[in-house]
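Q: I have a structure I would like to understand better, so I am pasting it below and will then ask my questions one at a time.
The values are calculated or read from the model by the stated rules, or taken from the named source; none is laboratory data. Because the structure is predicted, anything quoted here is derived from the model rather than measured. As a convention, Cβ positions derive from the backbone with ideal geometry for all residues, glycine included, and neighbour counts pool all protein chains shown.
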Amino acid sequence: MPTPTTPPTLIVDQNRGFRTWHIREIYVTNGEGRYVPNVDDMVIDWVQGIYRVTAVDYTTGLSTLTKWVLPSDANEASGEDILLGAGPGYISESFRAYLDTSVMPFTLAVDSRLRFYGSTTSYVKIFLGTDIGVNGQVISAFYDQSGTFMGDNIPLELVTMPDLTNRAIKTPMVGYTTQSMPDGEVVTIVAYDDAGQPVSIARLLVKNTAFVRTTDQAMKYITDITVETPFLSATDPKRIEYPINMPVQNLNLIGVVNYSDGSKLRMPIDGTKFTMHGLENYIATIQGQEVPLVLTYRLSEGEYSYILTPSPSKHISVPYKAVTLRNDGAYSVKLFAYPVWINALSGYRLEYFLYNLERQEVFNVTQYIEQAAGARAFNPIEFGVVQSIGVAVDLNRVDTSFAAYRHVQNFDITLISNANVHGQTNWTVGFTPGQNPPYGPDIRAISTFINVGNWQLDIRCGAATQTEWLNRVFYATQPLFDDQTEERAPEPNFFIVRSAGSSVELPISMWNSIITTTASPPDGGLITIEFIRRNASTDLQLGVSGMVVHYPDAPGP
């Protein structure tokens, strides 16, 4: 038997396989054990706990022991926790604070299962660790869409609950932080009411992830709602300068939703998504009158407000005001439309001219005319019936000096016969619904060929006096006038006859003269007469009339 100073005979077996030893069984200096364990064997000490063999020196028989602690997954809740809603600790220990450090500032998204209750609960702060006292470190932050720091309060938003009106169950919006934290770090979230009093506390574990995204295309936030109209004030974007006596439906208001990613959504303000409260009973009849308005946008599912917390009914409201001003003559416009004969197969087409109250220009806008929404289209071969058609023109397409104003106008067009049928009225035009009489009865020009480059036109239309002729040829077209200062359109003192590319300017006193021109359209074609009021400084463009041309000796159709 060995003496205490003589090393015992050691038992070594490197091929033994895994074994569990008691601490007294393995060899240590001045110990009683004779077994030499292998690496990764387990050694139990009933007082100190469990050790793992991490290294063995087989020449001396001594082994290195490392204290072993039962591992725990601090980053994920166990299946039992998820199923039962609780684990060995608090219920909230299954909640996470998702940290994304791939962007700056870092995004910090609180687990969406975490709810706070109470209609007055409005925001949260997030603290590092568990100290929420005066020495606690607040790590939460909130920024607007331009990157401006808004404070360390993260707003709460109402939880969407199908088939229910939710007013008191809330969850934090996606916030930010500049604090980098490892997985498993403990943070404490404190909810506050409108008065700044804490009302709820929860602890969460940090999970680093790039899965929870910030305000990208799939989760963009509304930053603002605005109005687009050509009558918006140039100095005050919340002021609509409403022309006096203009119908509300002609204001052409367009609502614009501005998102945090820079995109915009435009839609009409028709009471569906956008509503302009206060405009429905507003009549612009008093110059200088100011009326408060409120623009409201109803949020769709999946839309969120970035700068305010949406109301329980999910809408955003912005104040505006309307001011009644004197008419802007550029936008007091009128279309003149006249049928132009093509042939018996194709019938007629319409030629359009645009005038406004500034009376400085006349525009041929035929190429810009569109059919108005819901209106009837012109039928070029439908005879004997009144065709009530609606057309529209975007003024900024006609001239870039105009804003984006869309003018809509209705006409009553009646095609009576082919334009080369003599001795009768071929068509009439009503410039307002029910105009009686319309423009066109017995309005025709008689063209006579003299020789090459020499034609004579008779435009008297059977009138006996200048007044009668103006009433039938000019005033029957209902030319524009300012009802604040004029009883009717000014009387013209000059007119221009445009015939097949040639033009002749004459004083109004020569209305009953035979006019010589260098060209004439074919039988059934159209000439136009532009009426002018000339004064010392300028020519005022008043209106235009169309006349069918008949040749007295031309054969019938």
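Q: For ARG472, all conditions in the list (1) touching a helix residue (DSSP H, G or I) at 6+ places or on another chain (Cβ under 9 Å); (2) assigned to a helix (DSSP H, G or I); (3) not hydrophobic (A, V, I, L, M, F, W, C) hold save one; what is the number of the exception?
A: (1)
Q: Let me ask something additional. Restricting to the range 346-362, give me the number of residues that are outside any strand (DSSP E or B), buried (at least 18 other Cβ atoms within 10 Å of the Cβ) and out of contact with any Asp or Glu (no Cβ under 8 Å at 6 or more places or on another chain).
A: So the answer is 1.
Q: Within the range 463-480, track down each residue that is in contact (Cβ under 8 Å) with a residue 24 or more places away in the chain and among the aromatic types (Phe, Trp, Tyr).
A: Matches in the range 463-480: TRP469, PHE474.
Q: Within the range 285-319, track down each residue that is farther than 30 Å from THR121 by Cα and either at pLDDT 85 or above or not in a loop (DSSP other than H, G, I, E, B) (or both).
A: Selection gives GLU290, VAL291, PRO292, LEU293.
Q: Give, as residue ranges, the strands (runs of 3 or more DSSP E) completely inside the range 486-557 that count at least 1 residues that are hydroxyl-bearing (Ser, Thr, Tyr) and free of Cβ contacts under 8 Å to residues at least 24 places away in the same chain.
A: Fully inside the range 486-557 and qualifying: 502-507.
Q: Just to verify a result, which residue in the range 328-343, among those that are closer than 21 Å to ALA445 by Cβ and among the hydrophobic types (A, V, I, L, M, F, W, C), is surrounded by the fewest Cβ atoms within 10 Å (Cβ to Cβ)?
A: If we filter the range 328-343 for residues that are closer than 21 Å to ALA445 by Cβ, which is where we start, we get 336-343.
If we keep only those that are among the hydrophobic types (A, V, I, L, M, F, W, C) as well, we get 336-337, 340-342.
On the way: PHE336: 24, ALA337: 19, VAL340: 17, TRP341: 24, ILE342: 15.
Among residues in the range 328-343 that are closer than 21 Å to ALA445 by Cβ and among the hydrophobic types (A, V, I, L, M, F, W, C), the one surrounded by the fewest Cβ atoms within 10 Å (Cβ to Cβ) is ILE342.
Q: Of the conditions (1) outside any strand (DSSP E or B); (2) closer than 19 Å to ARG349 by Cβ; (3) at pLDDT 95 or above, THR467 clears all except one; give me its number.
A: It fails just one condition, (2).
Q: For the range 24-56, enumerate the residues that are outside any strand (DSSP E or B), among the aliphatic types (A, V, I, L, M) and in contact (Cβ under 8 Å) with a residue 24 or more places away in the chain. First the steps, then the outcome.
A: Filtering the range 24-56 down to residues outside any strand (DSSP E or B) leaves 24-25, 27-34, 37-41, 46-48.
Then keep just the ones that are among the aliphatic types (A, V, I, L, M); that gives 28, 39, 47.
If the condition is that a residue be outside any strand (DSSP E or B), among the aliphatic types (A, V, I, L, M) and in contact (Cβ under 8 Å) with a residue 24 or more places away in the chain, then VAL28 is the only one that fits.
Q: Restricting to the range 87-115, name every residue that is assigned to a loop (DSSP other than H, G, I, E, B), of a type in the set (Ser, Thr, Tyr) and either closer than 19 Å to LYS170 by Cα or at pLDDT 80 or above (or both). Working first, answer last.
A: Residues of the range 87-115 assigned to a loop (DSSP other than H, G, I, E, B): 87-90, 95, 101-105, 111-115.
Remaining after also requiring of a type in the set (Ser, Thr, Tyr): 90, 101-102, 112.
Passing the criteria: only SER112.
Q: Related question: Just checking, which of ALA519, ALA500, ALA463 is under 48 Å from the mean Cα position of the chain (by Cα) and of a type outside the set (S, T, N, Q)?
A: Result of the check over ALA519, ALA500, ALA463: ALA500.
Q: Right, here's the next one. Quick check on this structure: which one of GLY390, GLY384, GLY374, GLY423 is surrounded by fewer than 19 Cβ atoms within 10 Å (Cβ to Cβ), at positive phi and within 31 Å of the chain's Cα centre (by Cα)?
A: Among GLY390, GLY384, GLY374, GLY423, only GLY374 is surrounded by fewer than 19 Cβ atoms within 10 Å (Cβ to Cβ), at positive phi and within 31 Å of the chain's Cα centre (by Cα).
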